[in-house]
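Let me begin by presenting the structure, written as structure tokens, before commenting on it.
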Amino acid sequence: MLEKVFKLTENKTTVKTEIIAGLTTFMTMAYIIALNPNLLTGFGANGQELWNGVFMATCIASAVGMFAMAFLANKPFAMAPGMGLNSFFAVVVANIVSITGLSYVESFQAALCIILIEGIVFIILSVLNVREKIVEAIPLGVRLGIAPAIGLMLMNIGLGSNAGIYSETGGPFYAMRDFFGALTPGVAKTNMGSGYGPMVLTVVTMFVGLFVIVVLAQKGIKASVILGMLVASVVYWIGQAIFLGTNPFASLTTASFVPPFKDMVETTLFKFNFEAFVQIGWFTAITLVVTFCIIDMFDTIGTLVGTASRAGMLDKDGNMSNMKEALLADAIGTVTGAATGTSTVTTFVESASGVEAGGRTGLTALTTGILFLACIFIAPIAAIIPAAATSAALIYVGVLMLTGLKNINFDDLSQTLPVTLMLIAMPVSGSIGHAIGLGLIAYTVLKLFTGKGKEVSVLTYVLSVIFLVKFFLAV
């Protein structure tokens, strides 16, 4: 049955490999299950009921998107509410509160209308092949540079924001900036206060996990990533108990394993507040929809192309099979997210960890989706996976994705300049879409002013202008 649906033999994989890959992807992105409702509700400041509703929506919408990816596109890519997009959504909700004077929950329900419209637009564009044409309009050199740029972004997440520590002196403190960036251990201790101990444990855990993953990978063990994460988790838990004097499993003793369906029904499920949505003004509403569309479209395209490149899923022209279906799955996830109560669902860059673990078919996505659904019941267990363990996996995968630089023709400035800008912009801005936009602009301008403007497609010109407008004129 699984062989027939997912064509495992044709894709040179097995059920075991795909399940391990799905579990690996899940472990690297499980943080979104708690972080997304935290970001969208002000860390619960706007009511536990809303937090519970967004939590449920995060699990359900992510799972539905991944099921669509599995059965429509047969690709190993995972989806969830996108980072960056969820923060922007929270800002939009706060602005609606200011404009309308409504409560946060009512404004939240108004903002869900934006996500619903965006998702419907994407479904239409996907069915009409418009989004696929946009993918094809991205020059090959830019497409080849997406994977290495994502690699740097993953390393930045692993060494930076994924390992943030707080203490009485402030925070978040990050490994590269506050630990390795300190002049001496004494300076770090002074600056970080009680956060110094957890940071030392984080750094040790991170590099133990990375070392284990690399050693096992060199020995040809396909489960190297997940095994390395498990070893890193154990190291962190032991360190918590012995050196920090805290119980790593204390949260499980008071955790509730009963899914808060009632809260979701009352706060977010099909709670579209169109009346409040209209109050923000048509120009503002249209601008917000377009902004969400642009960011989501190019984040998704970049992740799909970059991860598929690493997995060897692109043909000689840099195209991926079933791209239309993969983009449609993303749109279905977004509409489901709007209906259940969360911001835009997009393809996650952490999918690269599952691909590196051997995932090649939709069975990987299906496995990750099932685990997200299971988190409705076992979220407290997923929450004890330390960020430092996932950092090890992200750093390892990031290093591997950098090998894509060998495919870049560095003698051709029309490739070198866009790729270099993407390598800088992606980890700094935290946006795959914005980095691609910068690469497109650089490519187009360079071709135009060197007398090779005819080599640039009309759609590439259009995309470059759209990004220029967004960067310099959009408010």
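The values are calculated or read from the model by the stated rules, or taken from the named source; none is laboratory data. Since the model is a prediction, treat every value here as computed from it, not as a measurement. Here Cβ is always computed from backbone atoms with ideal geometry, including for glycine, and neighbour counts include all displayed protein chains.
Things to note:
- Residue in segment 310-319 that is part of a helix (DSSP H, G or I), in contact with a helix residue (DSSP H, G or I) (Cβ under 9 Å, 6 or more places away or on another chain) and not basic (Lys, Arg) present: no
- Any hit, segment 393-408, residues being in contact (Cβ under 8 Å) with a residue 24 or more places away in the chain, surrounded by fewer than 24 Cβ atoms within 10 Å (Cβ to Cβ), over 27 Å from SER233 (Cβ atoms) and under 17 Å from the mean Cα position of the chain (by Cα): no
- When PHE298, PHE277, PHE292 are screened for being assigned to a helix (DSSP H, G or I), touching a His at 6+ places or on another chain (Cβ under 9 Å) and modelled with pLDDT of 85 or more, only PHE298 passes.
- Single unsatisfied condition, PHE88 versus (1) surrounded by 21 or more Cβ atoms within 10 Å (Cβ to Cβ); (2) of a type in the set (Phe, Trp, Tyr); (3) assigned to a helix (DSSP H, G or I): (1)
- Matching helices (runs of 4 or more DSSP H) fully within segment 92-166 where at least 1 residues are of a type outside the set (S, T, N, Q), surrounded by fewer than 21 Cβ atoms within 10 Å (Cβ to Cβ) and at pLDDT below 90: 130-137, 140-159
- Scanning segment 256-271 for residues that are part of a loop (DSSP other than H, G, I, E, B), among the aliphatic types (A, V, I, L, M) and surrounded by 14 or more Cβ atoms within 10 Å (Cβ to Cβ) returns a single hit, LEU269.
- Index of the failed condition, THR303 passing every other in (1) β-branched (Val, Ile, Thr); (2) in contact with a Gly (Cβ under 9 Å, 6 or more places away or on another chain); (3) crowded, with 21+ Cβ neighbours inside 10 Å: (2)
- Of the criteria (1) more than 25 Å from ALA30 (Cα to Cα); (2) touching a Phe, Trp or Tyr at 6+ places or on another chain (Cβ under 9 Å), which one LEU144 fails: (2)
- Hey, GLY362 surrounded by 19 or more Cβ atoms within 10 Å (Cβ to Cβ), farther than 22 Å from GLN218 by Cβ and not acidic (Asp, Glu) or not: yes
- So ILE332, is it buried (at least 22 other Cβ atoms within 10 Å of the Cβ), farther than 23 Å from VAL397 by Cα, among the aliphatic types (A, V, I, L, M) and touching a Phe, Trp or Tyr at 6+ places or on another chain (Cβ under 8 Å): no
- Of all residues in segment 71-85, those that are basic (Lys, Arg) have Cβ atoms under 7 Å from Cβ atoms of residues that are not in a loop (DSSP other than H, G, I, E, B), 6 or more apart or on another chain, in LYS75/MET69; LYS75/ALA326; LYS75/GLY362; LYS75/ALA365.
- Candidate set: segment 170-212, residues that are in a loop (DSSP other than H, G, I, E, B) and among the aromatic types (Phe, Trp, Tyr); chosen: the one surrounded by the fewest Cβ atoms within 10 Å (Cβ to Cβ): PHE180
- Residue count for segment 427-459, restricted to those that are closer than 15 Å to ILE294 by Cα and more than 25 Å from the chain's Cα centre (by Cα): 1
- The residue pairs whose first member lies in segment 111-134 and is within 22 Å of GLN279 (Cα to Cα), whose second member is surrounded by 16 or more Cβ atoms within 10 Å (Cβ to Cβ) and of a type in the set (Ser, Thr, Tyr), and whose beta carbons are closer than 7 Å, counting only pairs six or more residues apart or on different chains, are ILE115/THR334; ILE115/SER343; ILE115/THR344; GLU118/THR334; GLU118/THR344; GLY119/THR334.
- Hey, LEU50 in the same structural domain as ASN322 (by TED's automatic domain parsing), over 22 Å from the mean Cα position of the chain (by Cα), in a helix (DSSP H, G or I) and touching a residue at least 24 places away in the same chain (Cβ under 8 Å) or not: yes
- Failed item in (1) under 18 Å from LEU35 (Cα atoms); (2) of a type outside the set (Ser, Thr, Tyr); (3) at pLDDT 90 or above; (4) more than 19 Å from the chain's Cα centre (by Cα), with LEU363 passing the rest: (1)
- Residue match in segment 356-379 (condition: within 19 Å of GLY145 (Cα to Cα) and assigned to a helix (DSSP H, G or I)): yes
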